[in-house]
1. What is the ratio of the Cα radius of gyration of the stretch 101-192 to 2.2 N^0.38 Å, with N the residue count, to two decimals?
2. Give a quick list of trypsin sites (Lys or Arg not before Pro) in the stretch 98-155 that DSSP marks as loop, anything other than H, G, I, E or B, with at most 15 other Cβ atoms within 10 Å.
3. Order of T215, T335, T41 from fewest to most other C-beta atoms within 10 Å?
4. Can you check what the net charge comes to around G247, using other residues whose Cβ is under 12 Å from the Cβ of G247 (Lys, Arg +1; Asp, Glu -1)?
5. Starting from the exponent 0.38 and prefactor 2.2 Å, build the expected Rg for the chain from its residue count and divide its actual Cα Rg by it.
6. Give me the distance in nm between label points sitting 7 Å out from Cα along the Cα-to-Cβ direction at R164 and Q229, one decimal.
7. What is the spin-label model distance, in nm, from D102 to R279 if the labels are put 7 Å beyond Cα along the C-beta direction?
8. Identify the residues of the stretch 370-384 with backbone N under 20 Å of a label point that sits 7 angstrom from the Cα of L157 along the Cα-to-Cβ direction, or state none.
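Here, each number is a calculation from the coordinates, and none is a lab measurement. Just so it is clear, the structure is predicted and the values come from calculations on it, not from any experiment. Methodologically, a virtual Cβ is constructed for each residue, glycine included, from the backbone with ideal geometry; neighbour enumeration extends over all protein chains shown.
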Amino acid sequence: MRCSVLGWGLALMTAAALPAIAAPPSQVALDAEAARAMAATGAQGLAIAVIDDGRIVHVRSYGKRNAAGDPLTPDTVMYGASLTKAVFAHAVMQLVEDGTLDLDRSIADVLPQPLPEYPQQPGYGPWQDLAGDERWRAITPRILLTHSAGFANFAFLEPDRKLRIHFDPGSRYAYSGEGMILLQFVIERGRGLDVGEEMQRRVFDRFGMAHTSMTWRPDFAANLADGWQADGSVEPHDERGRVRAAGSMDTTIADMAKMAAGYIRGDGLSAQGVAELTRPQLPITTASQFPTLQPEAASDARPANVAAGLGVVVFDGPQGPGFFKGGHNDSTGNTWVCVHRGRRCVVILANDVRAEAAFPQLVRFVLGETGVPWRWEYGDMAFWEPGS
C-alpha cells in the first residue's frame, strides 16, 4: 500500500525552488473576491476561513442562510457533509496513538464475531452480504481510511442494493462512505466505544468547536442554514439523529477554522501521527473520483502526484505537499485545502451547491496555485474564472 510516486521524495530537495509564500489576502480583498464568486455562480450563501502559520486570520460569511433572507453568520450551523470523514480520521489516529486501535490489524481480530454474522442494524451496512467472501478478513482500519476496501460508495447504490467487494482490499482507491461506516462499526462493536462521544471529546471539545456535533442539537435551530440546489430550489436542513462517520457532522465556519488551524499545527497528535494522516498512502489511479468504481485509467490520464492519505487526499504541487477534503450533497458544497509549507489552509462551506464552481479560484486567491486536482475531484464541472 505504500505510495512510491516519483516526486514525493523530492519535496525537501527542491524546497529552495518553491515560490515565496504570499501573505494572506486582506479582509477587504477576500470580501470582494467572494462577492464576485457569488454573483458569477448565483450562490446564495458562502463562508470562508483562512489559516496562516497555523493561526486563524479570517473567518467570513456572506449571503443568506435561508429563503427568508436571514444572514449567514460565522456561527450559523451548516452541514459538514464529507468533511466529517477527515475529522473522524483525526479521532481515529488519536485512538491509534493511545493503543486502542491498530491501523494494520485485521478487523476480524477486533470484532467479537465474524462481520457477516452481524444482522442488519439501522445506520450500518448490510455486512451479512459479505458471507462467502473471505476477503473481508483482509480489511484493516488503514484500508478503510484510504477508501480501498473495494466497496461501492454505499451498498444502496449497487443495482441489487447488496454490499460486495469489487477488488482485493488495499489494492486501489475507490471512494466509499460505507467503508467509513464499517470503521465506525468496528470501533463501536470491537472496542465498546461510542463514536459520537469520542468525536465530541477528542475533537470538538479539544478544538473548542462549541457549535459542532455528529447529531442534531435543538440549540442549532436558532441559527441554522438551509441549502440551495443546482436548480435554485431550497432544501431544508436535515436534522440528523444518528452518528454517521461518513457524513453526519453539523458545524460552523468558525468551528471549522479552529479545526483546520489545530489540524495543521498538529494539536492532539504526535508528529508521527500527523505525518501518517497526510502522507501518500496509496496512489490514485482513476481519471476522476466519481463514479467510484470506474476502471483504472491509463498512466497519462491519472492525476499527477495525488494519493490517498487517511481521511484526506494528498498532493504535491507548486508549493510542495498538501492535502484536501471535499464535502457535497444536493444543496451543500464544502472544501478544505491545506499546504504544509507555511501551515496555510482555506476552508469553504457553502449552503448552495452552485458555489462549488468557484472553489478552485477562491482557493487560488487565498493560497496561490496549490496543485489540488480539481478536475479529478469535480469531473467536467465548468469552473468560474474572474472575467468569465
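1. Values: Rg = 11.7 Å, N = 92, 2.2 N^0.38 = 12.3 Å.
Compared with the compact-globule rule of thumb, the stretch 101-192 sits at 0.95.
2. R105
3. Values: T215 15, T335 25, T41 21.
Least to most surrounded, the residues fall as T215, T41, T335.
4. Working: positive: K85, R240, R242, R244, K325; negative: E178, D238, D250.
So the environment of G247 carries a net charge of +2.
5. 0.94
6. Going by the 7 Å Cα→Cβ label model, 3.0 nm.
7. 1.9
8. Answer for the stretch 370-384: 373-382.
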